[in-house]
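The values are calculated or read from the model by the stated rules, or taken from the named source; none is laboratory data. All values derive from a computational prediction rather than experimental measurement. So basically every Cβ, Gly included, is an ideal-geometry build from the backbone, and we count neighbours across all protein chains shown.
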Ligand SMILES: Nc1ncnc2c1ncn2[C@@H]1O[C@H](COP(=O)(O)OP(=O)(O)OP(=O)(O)O)[C@@H](O)[C@H]1O
């Protein structure tokens with residue numbers, strides 16, 4: 001089986017900044033669930049930005065289904081297959097209502113209004129926020145915004161999810177609902193988070209991002225927890 005996504009020999013530094021990545025490589029297979037832990041500033045968000053083509057690496061390749069992502073068309077394909085939950089949900093919600101936001105992607109893909117509504121309603125219900133559908137995003141709480149942003153990602157049915165701090169700001173019920181949803185979701189996902197309790201419940205496959213490299217953690221949960229002591 002070929003990996004769904006490969007990151008090969010990635011090097012990156014922000015202008016006037018230190019090296020964030022030094023020949024970082026890793027791969028993820030269809031339906032594989034992994035998480036990335038690492039200190040503040042380790043580069044988790046930056047890695048997601050580079051995968052999504054929001055930042056250009058100094059060196060290295062992003063390979064989707066065995067094909068190097070080079071052209072605008074390749075990138076369009078990648079963004080269809082990979083759904084990205086931004087760390088800040090404000091970056092993801094821009095329509096007059098939450099329902100409009102969640103319907104935006106399916107409508108853009110050519111679904112009818114009825115079908116887009118059905119898809120959006122299903123995902124909003126799954127996340128327990130269907131009652132918020134007609135609220136404007138600015139009138140949602142932080143946790144509600146995060147779930148709303150996640151709904152706008154899930155509704156597109158991507159093959160791979162990149163989730164940046166998905167559990168941040170969620171109450172106990174929403175947190176547990178999200179754990180169960182991700183456990184049962186038959187999709188590949190990379191979760192970056194500091195919420196080790198959440199990660200322990202979703203996947204045993206942990207990496208630590210440190211000194212510009214991704215290091216697989218054996219006895220993942222214990223070792224990663226040590227990192228945070
Ligand atoms: N726009 C930017 N310009 C310059 N440097 C940046 C920029 N964004 C991030 N950085 C730097 O790049 C490094 C990686 O940041 P990044 O946000 O990817 O880390 P992170 O692992 O996601 O952190 P956190 O756990 O706090 O979310 C940090 O040293 C940060 O200060």
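Taken over the stretch 1-22, residues that are surrounded by fewer than 15 Cβ atoms within 10 Å (Cβ to Cβ) and over 16 Å from residue 55 (Cα atoms) amount to 2.
Scanning the stretch 22-43 for residues that are under 23 Å from residue 157 (Cα atoms) and outside any strand (DSSP E or B), we see that the one that is nearest to the ligand (Cβ to nearest atom) is 32.
Going through (1) at pLDDT 95 or above; (2) touching a helix residue (DSSP H, G or I) at 6+ places or on another chain (Cβ under 6 Å); (3) not in a loop (DSSP other than H, G, I, E, B) one by one, residue 189 falls short only on (2). Screening residue 58 against (1) over 17 Å from residue 5 (Cβ atoms); (2) touching a helix residue (DSSP H, G or I) at 6+ places or on another chain (Cβ under 7 Å) leaves a single unmet condition, (2).
Kindly indicate whether residue 144 is under 28 Å from residue 47 (Cβ atoms), at pLDDT 95 or above and touching a strand residue (DSSP E or B) at 6+ places or on another chain (Cβ under 6 Å). Considered against the rule, which asks whether it is under 28 Å from residue 47 (Cβ atoms), at pLDDT 95 or above and touching a strand residue (DSSP E or B) at 6+ places or on another chain (Cβ under 6 Å), residue 144 comes out as no.
I'd like to know if the stretch 1-21 contains one or more residues that are modelled with pLDDT under 95, out of contact with any helix residue (DSSP H, G or I) (no Cβ under 8 Å at 6 or more places or on another chain), in a strand (DSSP E or B) and more than 9 Å from the ligand (Cβ to nearest atom). Within the stretch 1-21 (the criterion being modelled with pLDDT under 95, out of contact with any helix residue (DSSP H, G or I) (no Cβ under 8 Å at 6 or more places or on another chain), in a strand (DSSP E or B) and more than 9 Å from the ligand (Cβ to nearest atom)), the answer is yes, since at least one residue qualifies. Taking the conditions exactly as written (in contact (Cβ under 8 Å) with a residue 24 or more places away in the chain and either assigned to a loop (DSSP other than H, G, I, E, B) or at positive phi (or both)), does residue 152 satisfy them or not? In short, no.
Only one of these is in contact (Cβ under 8 Å) with a residue 24 or more places away in the chain, over 16 Å from the mean Cα position of the chain (by Cα) and buried (at least 18 other Cβ atoms within 10 Å of the Cβ): 93, 47, 78, 99. Name it.
So the residue among 93, 47, 78, 99 that is in contact (Cβ under 8 Å) with a residue 24 or more places away in the chain, over 16 Å from the mean Cα position of the chain (by Cα) and buried (at least 18 other Cβ atoms within 10 Å of the Cβ) is 99.
Among the residues of the stretch 110-126, not a single one is touching a helix residue (DSSP H, G or I) at 6+ places or on another chain (Cβ under 6 Å), crowded, with 17+ Cβ neighbours inside 10 Å and touching a residue at least 40 places away in the same chain (Cβ under 8 Å).
In the stretch 170-200, the residue that is nearest to residue 44 (Cα to Cα) out of those that are within 16 Å of the ligand (Cβ to nearest atom) and touching a residue at least 60 places away in the same chain (Cβ under 8 Å) is 192. Any residue that is within 16 Å of the ligand (Cβ to nearest atom) and part of a helix (DSSP H, G or I) - is there at least one of those in the stretch 90-98? Within the stretch 90-98 (the criterion being within 16 Å of the ligand (Cβ to nearest atom) and part of a helix (DSSP H, G or I)), the answer is yes, since at least one residue qualifies. Going by the structure shown, is residue 87 in a loop (DSSP other than H, G, I, E, B) and either within 16 Å of the ligand (Cβ to nearest atom) or buried (at least 18 other Cβ atoms within 10 Å of the Cβ) (or both)? Here the answer is yes, as residue 87 does meet what is asked.
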